[in-house]
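Have a look at the structure below before the remarks.
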Amino acid sequence: MQLVEAVKTQANIDLVQRKLTLNARGNTLYADVWKFGINTALRISDLLEITLQEAQTGQLRVVEGKTGKPRTIKLNEPAMAIVKARSKPGAVYLFEVDSNRAKGKPVSRVAVAKAFKAVGDELGIALGTHSMRKTRGWMMHKAGKSIELICKVLNHSSPAVTMAYIGLTAQDVADTYDQFEL
């Protein structure tokens, strides 16, 4: 299994989104998956199964495929903007493919992973589909949210799992000695 990273600055989050659109020649599908994913912290397998009808309610009730745990997610403004932009007559899935070959099906996990990897390679970041969840966790941590809250948002079993997951490093710990002088 390839290890992927969180994107750790807002500027790089925005850059990833722009590159995903540029690399897809203006098609916003992958950029929309990215933005929606960092705003909901869903695993890619759960994210791609969201129907347009579910998303339009503004609140998702998901039973995670990996863990079987239920989650309720209130969609924030950026997520709802994506729902609105992707609302097309006849669409079933939020992230549905436009091609005639795959009509009525969500974009594949493999296609999303490939698009993310290409951008990651370009930017020198180990980027994958799990980077969306890691990025949300990291940015919450950076904004001062407690590890316990982040643990709950990501549906992790313990704060120790969350700390390793979001990529807290020895350097992050060492930096606290300069940042907090009493």
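Taking the criterion of being in contact with a Phe, Trp or Tyr (Cβ under 7 Å, 6 or more places away or on another chain) and within 13 Å of GLY128 (Cα to Cα), the residues of segment 6-16 that qualify are ALA6, VAL16.
Restricting attention to segment 129-170, which residues are in contact (Cβ under 8 Å) with a residue 40 or more places away in the chain, farther than 22 Å from VAL63 by Cα and buried (at least 16 other Cβ atoms within 10 Å of the Cβ)?
Taking segment 129-170 first, the residues in contact (Cβ under 8 Å) with a residue 40 or more places away in the chain are 129-139, 142, 153-155, 166-167.
If we keep only those that are farther than 22 Å from VAL63 by Cα as well, we get 138-139, 142, 166-167.
Within segment 129-170, TRP138, MET139, ILE166, GLY167 meet the criteria.
Considering segment 89-111, the residues that are small (Gly, Ala, Ser) and at pLDDT below 80 include one that is nearest to THR28 (Cα to Cα), namely SER99.
Table: residues versus (1) β-branched (Val, Ile, Thr); (2) in contact (Cβ under 8 Å) with a residue 60 or more places away in the chain; (3) in contact with a Leu (Cβ under 7 Å, 6 or more places away or on another chain).
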| residue | (1), (2), (3) |
| --- | --- |
| ARG71 | no, yes, no |
| LYS74 | no, no, no |
| ALA79 | no, no, no |
| ALA85 | no, no, no |
| PHE95 | no, yes, yes |
| SER99 | no, no, no |
| LYS103 | no, no, no |
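With respect to LEU22, determine if the residue is at pLDDT 95 or above, farther than 16 Å from LEU154 by Cβ, more than 13 Å from the chain's Cα centre (by Cα) and not in a loop (DSSP other than H, G, I, E, B). Spelling it out, it is not the case that LEU22 is at pLDDT 95 or above, farther than 16 Å from LEU154 by Cβ, more than 13 Å from the chain's Cα centre (by Cα) and not in a loop (DSSP other than H, G, I, E, B).
Within segment 63-73, count every residue that is surrounded by 10 or more Cβ atoms within 10 Å (Cβ to Cβ) and over 15 Å from the mean Cα position of the chain (by Cα).
Filtering segment 63-73 for residues surrounded by 10 or more Cβ atoms within 10 Å (Cβ to Cβ) gives 63-65, 67, 69-71, 73.
This time we only want the ones that are over 15 Å from the mean Cα position of the chain (by Cα), so: 63, 65, 67, 69-71.
Going through segment 63-73 one residue at a time, the tally reaches 6.
Regarding segment 44-60, can at least one residue be identified that is closer than 16 Å to ASN27 by Cα and either assigned to a loop (DSSP other than H, G, I, E, B) or among the β-branched types (Val, Ile, Thr) (or both)? No, because not a single residue in segment 44-60 is closer than 16 Å to ASN27 by Cα and either assigned to a loop (DSSP other than H, G, I, E, B) or among the β-branched types (Val, Ile, Thr) (or both). Among the residues making up segment 138-165, those that are under 17 Å from the mean Cα position of the chain (by Cα), outside any loop (DSSP other than H, G, I, E, B) and within 18 Å of GLU64 (Cβ to Cβ) are ILE150, CYS151, LYS152, VAL153, LEU154, THR162, TYR165.
The listed residues are ALA55, ALA113, ALA79, and the only one of them that is of a type in the set (Gly, Ala, Ser) and surrounded by fewer than 19 Cβ atoms within 10 Å (Cβ to Cβ) turns out to be ALA113.
So how many residues does segment 1-11 have that are surrounded by fewer than 19 Cβ atoms within 10 Å (Cβ to Cβ), touching a residue at least 40 places away in the same chain (Cβ under 8 Å) and within 14 Å of ARG136 (Cβ to Cβ)? Working first, answer last.
Filtering segment 1-11 down to residues surrounded by fewer than 19 Cβ atoms within 10 Å (Cβ to Cβ) leaves 1-3, 5, 8-11.
Retained after the next criterion (residues that are touching a residue at least 40 places away in the same chain (Cβ under 8 Å)): 2-3, 5, 8, 10.
Keeping just the survivors that are within 14 Å of ARG136 (Cβ to Cβ) gives 5, 8, 10.
Final tally of qualifying residues: 3.
Among the residues of segment 25-46, is there at least one that is surrounded by fewer than 14 Cβ atoms within 10 Å (Cβ to Cβ), at negative phi, in contact with a strand residue (DSSP E or B) (Cβ under 9 Å, 6 or more places away or on another chain) and of a type in the set (A, V, I, L, M, F, W, C)? No.
The values are calculated or read from the model by the stated rules, or taken from the named source; none is laboratory data. Computed from a predicted model, the values in this text were never measured in an experiment. Glycine gets a Cβ as well: all are built from the backbone with ideal geometry, and neighbour counts include every protein chain shown.
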